[in-house]
Amino acid sequence: QVQLVESGGGLVQPGGSLRLSCTASGFTFSMYAMSWYREAPGKERELVAYISSYGLSTRYADSVKGRFTISRDNGKNTVYLQMNSLKPEDTAVYYCNTSRINLGTRWDYWGQGTQVTVSS
């Protein structure tokens, strides 16, 4: 079964940095793209960053472009999100995601989430 486990969240001051990790199991990690989403109170869950299966392509939300970097280590079945120059509006629960298309439907798999709080 697909399992995604996030770690690395916490409390950080504005301008600070955090690195989130997501360790995957239950599938051939190197074959699939991975994403980070976040969900802030009262807001829809939004895509933050995307990385292709071999890490050759990445995409970022405009709000984090230039500050966040997604990367992966297929040998460790792990995807990372390096977050620099953090702002209070980055406060959210961050989720690791992978998806499949099967039987005409997109199937999403999510980690449990890790809380990131940016506050002085």
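The values are calculated or read from the model by the stated rules, or taken from the named source; none is laboratory data. Note that the structure is a prediction, hence the values are computed from the model and not measured. Glycine gets a Cβ as well: all are built from the backbone with ideal geometry, and neighbour counts include every protein chain shown. Heads up: the accessible areas ignore ligands, DNA and RNA and are worked out on the full protein's heavy atoms, side chains in. Shrake-Rupley method; radii C 1.70, N 1.55, O 1.52, S 1.80 Å.
Could you list, in sequence order, the residues of the range 34-57 that are more than 10 Å from Y94 (Cβ to Cβ) and of a type in the set (F, W, Y)?
Result: Y50, Y54.
Report whether or not R38 is charged (D, E, K, R), open to solvent by 20 Å² or more (accessible area, probe 1.4 Å), over 18 Å from W107 (Cβ atoms) and in a strand (DSSP E or B). Step through it out loud before you land on a result.
Numbers: charged (D, E, K, R): yes; open to solvent by 20 Å² or more (accessible area, probe 1.4 Å): no; over 18 Å from W107 (Cβ atoms): yes; in a strand (DSSP E or B): yes.
Here the answer is no, as R38 does not meet what is asked.
So S63 fits all but one of (1) part of a strand (DSSP E or B); (2) farther than 15 Å from Q115 by Cα; (3) of a type in the set (S, T, Y); what number is the exception?
(1)
Checking R45 against (1) out of contact with any Asp or Glu (no Cβ under 6 Å at 6 or more places or on another chain); (2) closer than 24 Å to V2 by Cα; (3) open to solvent by 80 Å² or more (accessible area, probe 1.4 Å): exactly one of these is not met. Which one?
Of the numbered conditions (1) out of contact with any Asp or Glu (no Cβ under 6 Å at 6 or more places or on another chain); (2) closer than 24 Å to V2 by Cα; (3) open to solvent by 80 Å² or more (accessible area, probe 1.4 Å), the odd one out for R45 is (1).
Could you check how many residues of the range 72-96 are assigned to a strand (DSSP E or B), more than 22 Å from P14 (Cβ to Cβ) and open to solvent by less than 50 Å² (accessible area, probe 1.4 Å)? Before you say what the answer is, go through the steps one by one.
So in the range 72-96, the residues assigned to a strand (DSSP E or B) come out as 72-73, 78-83, 92-96.
Next cut, more than 22 Å from P14 (Cβ to Cβ) only: 72-73, 78-79, 95-96.
Narrowing the set further to residues that are open to solvent by less than 50 Å² (accessible area, probe 1.4 Å) leaves 72, 78-79, 95-96.
Residues that pass the stated criteria total 5.
Residues checked against (1) touching a strand residue (DSSP E or B) at 6+ places or on another chain (Cβ under 7 Å); (2) assigned to a loop (DSSP other than H, G, I, E, B); (3) in contact (Cβ under 8 Å) with a residue 40 or more places away in the chain:
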site: L11; (1), (2), (3): yes, no, yes
site: P14; (1), (2), (3): yes, yes, yes
site: S30; (1), (2), (3): no, no, yes
site: E44; (1), (2), (3): no, yes, no
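Quick check on this structure: which one of R100, R67, R19, R72 is within 19 Å of V2 (Cβ to Cβ), out of contact with any Lys or Arg (no Cβ under 7 Å at 6 or more places or on another chain) and modelled with pLDDT of 95 or more?
R72
Whether any residue in the range 55-62 is open to solvent by 60 Å² or more (accessible area, probe 1.4 Å), out of contact with any Lys or Arg (no Cβ under 7 Å at 6 or more places or on another chain), closer than 19 Å to S85 by Cα and of a type in the set (D, E, K, R) is what I want to check.
Initially, the range 55-62 is screened for residues open to solvent by 60 Å² or more (accessible area, probe 1.4 Å), giving 56, 59, 62.
Right, trim to out of contact with any Lys or Arg (no Cβ under 7 Å at 6 or more places or on another chain) and you get 56, 59, 62.
When the remaining residues are screened for being closer than 19 Å to S85 by Cα, the result is 59, 62.
After this cut, where a residue has to be of a type in the set (D, E, K, R) as well, the list is 59, 62.
The answer is yes; a qualifying residue exists.
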